[in-house]
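Report on one structure; see the data block that follows.
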Amino acid sequence: MSQPTRDTNQPLNAQIINDGLGRQDAVDLGGGIYMSKDVSNLYLVRTDDGSVLINTGIIYSAAENKRRFDAATSDPIRKIVFTQSHEDHIGGWPTFNAPGVETIAQANQPFVRIQYRELGQAMARRSRALWSRDQKQELTERPEPALTTTFRDSHAFELGGRRFELYSVPGGETICSLVVWLPQDRIVFTGNMTGPIFGHVPNLYTVRGERYRYVQWYLDSVQRVIDLAPEVLITGHGEPLRGADTIRASLTKMRDCVQSLRDQVFAGMNAGVDLWTLMRTVKMPPKLAIPQGHGKVPWIVRSIWEEHMGWFRFESSTELYDVPPQAVFPDLIELAGGIEPVLGRAQALFDAGKPLEAMHLAEAILAQEAGNRAALGIKLAATEAILEREGRENFSEVRWLEAQIAKLRTEMES
């Protein structure tokens, strides 16, 4: 195969190309492949007949991402491929698109984008609660990418002597996820198929709010990449992973870990074990234990349960109707003799190392008297204790708890 003339003999080495002004441009990964680091990274793959752009970054970084790639090569972009439909993958499309450029995505992308457009306000509100401190600026309106080519399971093309194979992996962060396979180079671009942190347990349900990611689709998607036997794996975040044995071992451990969690949940459901007990008792086998920076085992358990059994747990008829448990909190407070005895019990539970139980009682008080400072104080202390107990491994959990702590402190000061 004829390769681009620039840097084709260099190994994947993540060396920095600099424009001479002290600004970082693209990261040269060797073999005519360049990376621009963004909220989610985007990649330019050169051929003798122009380039293929894999993802387009988030909208507010689009001009800078284009500048970086323009500093690396003047080759025209012939095709744009989206590995999924989240804003940090597709937002820069208007900046990179041009007449004659083919835009390729998995066929479910238009369906998924309906949710993001029509539930945009609700989803943005939840995301801001977690991530507003990191948001450089609000996302602005932009045209939806005009897809020129879609496919269901697989799609292949050649450009400038380089072959590209695209495979659907619906177990990724969206049901329109795909991987890009360069068979001649043994390189696979997985996007966020395994989440933003490679090697961690998946986020089958994300705290910010999303569709459930089906556990069997995740297992099948990881297996599909294992079967490619890649020698280099390039994700949506972080640096490339190199070495066929290392990649296979990492993917296999991730697959087997999640398979074990699935099997434990299924066995528990078949045995009639309730959801809350399974969330507490299902664990990763020690030999398969992997980090939980993005997903978390109890959340996976609940996701698997509700994916297969739905939200009705067969515990109470009240689950079927529109009166939540909170509706009777004031009655329970009254039956307990008023707020003071409940505050005392909440404090006793907290002192006994049961912050979640204490939080339940504090929230029962706050349902009757929203500004009760003592209840706010117990809830604040309980939230701080939960953060300390759970640690700072899972970034969504940490951000949620930190946001709650800040909110409670503000409420106590008002």
Check your understanding: In this structure, does Ala348 turn out to be more than 30 Å from Ile234 (Cβ to Cβ), surrounded by 11 or more Cβ atoms within 10 Å (Cβ to Cβ) and without any contact (Cβ under 8 Å) to a residue 12 or more places away in the chain?
Key -> yes
Review point. Is the range 229-245 home to any residue that is under 18 Å from Phe395 (Cα atoms), of a type in the set (A, V, I, L, M, F, W, C) and in a loop (DSSP other than H, G, I, E, B)?
Key: no
Check your understanding: Residues in the range 253-270 that are closer than 14 Å to Lys296 by Cα and of a type in the set (Lys, Arg): how many?
Key -> 1
Point to revise | Of the criteria (1) part of a loop (DSSP other than H, G, I, E, B); (2) open to solvent by less than 50 Å² (accessible area, probe 1.4 Å); (3) modelled with pLDDT of 95 or more, which one Pro99 fails | key: (2)
Revision key, fill the gap. Within the range 146-165, residues touching a residue at least 12 places away in the same chain (Cβ under 8 Å) and hydrophobic (A, V, I, L, M, F, W, C) come out as Ala146, Leu147, Phe151, Phe157, Leu159, Phe164
Check your understanding: What pairs can you find where one residue is in the range 62-74 and closer than 15 Å to Ser40 by Cα and free of Cβ contacts under 8 Å to residues at least 60 places away in the same chain, the other is part of a helix (DSSP H, G or I) and among the aromatic types (Phe, Trp, Tyr), and their Cβ atoms are less than 7 Å apart, with a gap of 6+ or different chains?
Key -> Lys66/Phe96
Exercise for review: Could you look through the range 3-40, keep only residues that are open to solvent by less than 10 Å² (accessible area, probe 1.4 Å) and not in a strand (DSSP E or B), and pick out the one that is modelled with the highest pLDDT?
Suggested key: Gly32
Check your understanding: Hey, among Ala107, Ala146, Ala129, which residue is at pLDDT below 95 and of a type in the set (A, V, I, L, M)?
Key -> Ala129
Point to revise | Residue check, Ala381 surrounded by 16 or more Cβ atoms within 10 Å (Cβ to Cβ) and within 20 Å of Arg126 (Cβ to Cβ) | key: no
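Does the range 331-338 contain at least one residue that is surrounded by fewer than 14 Cβ atoms within 10 Å (Cβ to Cβ) and not in a helix (DSSP H, G or I)?
Checked the range 331-338: at least one residue is surrounded by fewer than 14 Cβ atoms within 10 Å (Cβ to Cβ) and not in a helix (DSSP H, G or I).
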Review point. Which residue out of Val215, Val169, Val188, Val232 is open to solvent by less than 30 Å² (accessible area, probe 1.4 Å), touching a Phe, Trp or Tyr at 6+ places or on another chain (Cβ under 6 Å), β-branched (Val, Ile, Thr) and modelled with pLDDT of 95 or more?
Key: Val188
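The values are calculated or read from the model by the stated rules, or taken from the named source; none is laboratory data. This structure is a prediction, so every number in the text was calculated from the model and none was measured. Here Cβ is always computed from backbone atoms with ideal geometry, including for glycine, and neighbour counts include all displayed protein chains. Calculation scope for accessible area: heavy atoms of the full protein, side chains included, ligands and nucleic acids excluded. Shrake-Rupley method; radii C 1.70, N 1.55, O 1.52, S 1.80 Å.
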